[in-house]
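Colleague: Once you've had a glance at the structure underneath, I'll fire off some questions.
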Amino acid sequence: MILVGELAPGSRATQDELAQRLGVSTMPVRKALLQLAAEGLIEVSPRRSFRVVQTTPDDIRDVYWIQARIAGQLAHRAARLVDGAGLAELAEAHDAFCAAGAAGRAADLEAANWRFHRLVNRAAASPKLLLTLRTTLRFIPDDFYCLVPDWAPASERGHRRLLDALAAHDADEARAAAEDHVREAADLLLSSFSSQGFWQAPTAPVLEVWR
């Protein structure tokens, strides 16, 4: 809700309101807000109210810079270790992504995208790097990229380039392909957010009473 702009930067809402919108009790909402506060997306005031933190373009760039470097290193290692069976799975995931995109099946497109990248990351056999990457991925909700214009064709090109590098066991090209792929996603995301006025804080007064 924060990352797609349903809860605008600077806005506040009551715990009861959020629970009603999400269809859950107030306890998991409060727990989630405290977790988001630890991740820097929510600010807790001395009065125990919660406010959506103002996110800047540089914040997004920083997250994606970290993700690009880690993804690049994972791809570099995967290129040296991936075997024929692994390449076949990657090719299947890429084909599924292309088919879903051509058919306009958003849910299948997202699923194929995550599967493709999971296969690359697991092929790297680098559990500590993968754990660190997952920390940055928490800033990107499921079913999010399909909301970004031009993401699908850009990802199809990025996946194809990365798959070719892995098939050739070209570790340096795999690193470059992975990093460029993440950076392009960041550029598309920033452009989309800018067009939606995401960086602007709300001007109308909002409720901040928490019980």
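Colleague: Quick check on the chain: helices-only [θ] at 222 nm, where DSSP H runs of length 4 and up contribute -39,500 (n - 2.57) each and the sum goes over total residues. Nearest 500, please.
Modeller: -22000 deg cm²/dmol
Colleague: Right, something else. Quick check on packing: order 82-89, 13-20, 94-101, 67-74 by the mean number of other C-beta atoms within 10 Å, highest mean leading.
Modeller: By packing density, highest mean first, the sequence is 67-74, 94-101, 13-20, 82-89.
Colleague: Put a dot 7 Å past each Cα toward the Cβ at VAL24 and ALA37; how far apart are the dots in nm?
Modeller: Taking the two extended label points, one gets 1.7 nm.
Colleague: Hey, what's the per residue convex hull volume over the C-alpha atoms of the stretch 110-187, in cubic angstrom?
Modeller: Dividing the Cα hull volume of the stretch 110-187 by its residue count gives 90 Å³.
Colleague: Which whole number in µm²/s is D for the stretch 1-111 by Stokes-Einstein, with the Kirkwood Rh taken over Cα pairs at 37 °C and 0.692 mPa s?
Modeller: 186
Colleague: Continuing with the same structure: Once the Cβ-Cβ distance between ALA85 and GLN196 is put in as r, and R0 is 35 Å, what FRET efficiency do you end up with, to the nearest 0.05?
Modeller: Step by step, r from the Cβ atoms, then E = 0.25.
Colleague: When the Cα atoms of the stretch 57-195 are enclosed in a convex hull and the volume is divided per residue, what value in Å³ results?
Modeller: Dividing the Cα hull volume of the stretch 57-195 by its residues yields 88 Å³.
Colleague: Based on other C-beta atoms within 10 Å, arrange TRP65, TRP151 from fewest to most.
Modeller: Details: TRP65 16, TRP151 20.
Ascending Cβ contact count within 10 Å gives the list TRP65, TRP151.
Where a number appears in this text, it was derived from the coordinates with a stated rule and is not lab data. Since we're looking at a predicted model, the values are computed, not measured. Positions of Cβ are generated from backbone atoms using ideal geometry, with glycine treated the same way; all protein chains shown enter the neighbour counts.
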